[in-house]
Amino acid sequence: MTLTKQNLKETFKGARTVGSSFVFVGIEAEGIKEVISIPKPSFDAKEHFYMNAYSDDLVHVMNSKVKITGLTHGDPEALYDLV
């Protein structure tokens, strides 16, 4: 399944709705995979950042070798959904 900005919006919305502690964003950059954890107090700022920094298909607008490959939210254990 290809992720889109709509998936990004839904992930942050879902996290807010259920009171998740974190949003986790899987990133692949030039063959290197990482997971970024975003704590609840940063949801608004980071959602805004991702919406501006990534295309509709979640490829970074200034570096096409960087893309979002996974999204989830929850408590710290949800991190394992993306690794």
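Any read-out appearing in this document is the output of simple, stated calculations on the displayed coordinates, not a laboratory observation. Bear in mind the structure is a predicted one, so any value in this text is a computation, not a measurement. Here Cβ is always computed from backbone atoms with ideal geometry, including for glycine, and neighbour counts include all displayed protein chains.
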So what is the diffusion coefficient of segment 5-81 in µm² per second by Stokes-Einstein at 25 °C and 0.890 mPa s, using a Kirkwood Rh over Cα pairs?
-> 197 µm²/s
Which distance in Å, rounded to a whole number, links the C-alpha centroids of segment 10-28 and segment 46-62?
-> 15 Å
Long-range amide H partners of S21, meaning residues 5 or more apart or on another chain whose placed amide H is closer than 5 Å, are G74, D75
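Relative contact order for segment 1-67: what percent, with Cα pairs under 8 Å and sequence separation of 6 or more?
Working: 73 pairs, mean separation 22.1, N = 67.
Answer for segment 1-67 is 33 percent.
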Listed peptides 28-36, 67-75, 4-12, 51-59 by packing density, highest first (mean Cβ within 10 Å) | 67-75, 4-12, 51-59, 28-36
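Tally Lys and Arg at +1 and Asp and Glu at -1 over the other residues with C-beta under 14 Å from the C-beta of E28: what net charge comes out?
Details: positive: K33, K65, K67; negative: E30, E34, D57.
Charge balance in the 14 Å sphere: 0.
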